[in-house]
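Undergrad: Quick one: structure below, then a few questions.
Where a number appears in this text, it was derived from the coordinates with a stated rule and is not lab data. Not measured: the values here are computed from a predicted model. Note that each Cβ is placed from the backbone with ideal geometry, even for glycine, and that neighbours are counted across all protein chains shown.
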C-alpha cells in the first residue's frame, strides 16, 4: 500500500472528460494517443507508477483548463494489442489538489499537486452509517429503467457500501460536472447523497438547481 510519504510532488496528468476514478476503485483505460502511450511507458519506470486522472474544463473564453481536484491511480494492469495500443488498469490511490502545471519536455501534461487535503483516502474503506439500502435501490431501479440500463442486481445488492456507491458513480451515464461533484464529495455519505440527487434529477427531467 502506498503511504503519504511515498506520494510524489509531481504526477503525469490524463485529462479525460467523463472519466471518474475514486480511491480504492479500479478504472480500465484504452490508451492509443502517442503522447499517452509515452506517458504509460514513462509511468512504468517510476517506483510509484501513478497517473493523475483529471477532468478538463473550458475557461470563460473557451481556453483549455483543468479542474482543481483529480485522483491518482496506480498502474496495476497492462497489456498491449498487436497494433501497439495499451489496455491498462488504474487502482485509485488518492485524490489531489492541482497546484500548478509543470513545464517540461514530455508530450503529456504534468503538475505539482497537494495530497494533504485527502489523507483519509489512504486509509481503510469507508462505510455509510446512514445508508438506507431499500430507498437507494428503489431509486436506482427507477433510474435504470428510465435509462434503458440492465445490471446484475444480485451482485449490486451483495456489494459493500463503498464498492457499490463508488462503482455506480464511475459507471453511470452522468455529465462530466456531475462526475466531478462525486469526486469532490468529502465522504462516502455525501457522495451517496449526491448520487441520489443526480438520479432523482434525471428522473424528474432536470432543474437548474439540481445540486443546490
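Undergrad: So how tilted is helix 34-43 from the main axis of the chain? Cα-based, degrees 0 to 90, rounded to 10.
TA: Tilt of helix 34-43: around 80 degrees.
Undergrad: Please report the spacing between the Cα centers of region 94-166 and region 13-87 in Å, no decimals.
TA: Each part's Cα centre sits 16 Å from the other's.
Undergrad: Hey, another quick one. If a/c stays under 1.5 just call it rounded; otherwise compare a/b with b/c (prolate if a/b is bigger, oblate if not). Do that for region 14-78, with a ≥ b ≥ c from the square roots of the Cα gyration tensor eigenvalues.
TA: On the way: a/c = 2.13, a/b = 1.56, b/c = 1.37.
Prolate, because a/c is 1.5 or more and a/b exceeds b/c.
Undergrad: Still on this structure: Assuming R0 = 25 Å, what is the FRET efficiency of residue 204 and residue 26, from their Cβ-Cβ distance, to the nearest 0.05? Show your work: numbers first, answer last.
TA: Working: r = 32 Å, r/R0 = 1.28.
E(calc), rounded to 0.05, equals 0.20.
Undergrad: Report the antiparallel proportion of the DSSP beta bridges in region 4-121 as a percent, rounded to a multiple of 5. If you can, show how the numbers build up before the last one.
TA: Numbers: 32 of 35 bridges.
Given both bridge residues lie in region 4-121, the antiparallel proportion sits at roughly 90 percent.
Undergrad: Kindly express, to the nearest 10 degrees and within the range 0 to 90, the angle between helix 188-203's C-alpha long axis and the longest C-alpha principal axis of the chain.
TA: So the inclination is approximately 70 degrees.
Undergrad: Go ahead and collect, in residue order, the members of region 163-189 whose backbone nitrogen is under 17 Å from a label point 7 Å along the Cα-Cβ direction of residue 135.
TA: Correct set: 165, 188-189.
Undergrad: Taking the Cα atoms of region 133-203, what is the range of coordinates along each of the three principal axes, in descending order and whole Å?
TA: Its Cα atoms span 28, 24, 19 Å along the three principal axes.
Undergrad: Moving on. Once label points are set 7 Å from the Cα along Cα→Cβ at both residue 119 and residue 6, what is their separation, rounded to one decimal in nm?
TA: 1.8
Undergrad: Of the residues 149, 171, 182, which exhibits the maximal mean-square fluctuation in a Gaussian network model of the chain defined by a 10 Å Cα contact cut-off?
TA: Per the Cα network of the chain with a 10 Å cutoff, 149 tops the list.
Undergrad: Under a GNM of the chain (C-alpha, springs under 10 Å), which listed residue has the highest mean-square fluctuation: 137, 14, 105?
TA: Result: 105 has the largest fluctuation of those listed.
Undergrad: Pop a pseudo-label 7 angstrom from the Cα along the beta-carbon direction at both residue 44 and residue 81 and give the gap in nm to one decimal.
TA: Spacing of the two 7 Å Cα→Cβ label points: 1.7 nm.
Undergrad: To the nearest 500 deg cm²/dmol, what mean residue ellipticity at 222 nm is calculated for the chain from DSSP H runs of n ≥ 4 alone, each contributing -39,500 (n - 2.57), summed and divided by the residues? Before the final figure, lay out the partial values.
TA: Numbers: 6 runs with 67 residues, N = 212.
Calculated mean residue ellipticity at 222 nm is -9500 deg cm²/dmol.
Undergrad: Between residue 58 and residue 103, how high is the FRET efficiency from 1/(1 + (r/R0)^6) when r is the Cβ-Cβ distance and R₀ = 22 Å? Nearest 0.05.
TA: On the way: r = 22 Å, r/R0 = 1.01.
Calculated transfer efficiency: 0.50.
Undergrad: For region 34-111, calculate the relative contact order in percent as a whole number, restricting contacts to Cα pairs under 8 Å that are 6 or more residues apart. Show your work: numbers first, answer last.
TA: Working: 115 pairs, mean separation 19.6, N = 78.
It comes to 25 percent, rounded to a whole number.
Undergrad: Nearest 10 degrees, 0 to 90: what angle lies between the long axis of helix 133-147 and the longest principal axis of the chain (Cα atoms)?
TA: 80
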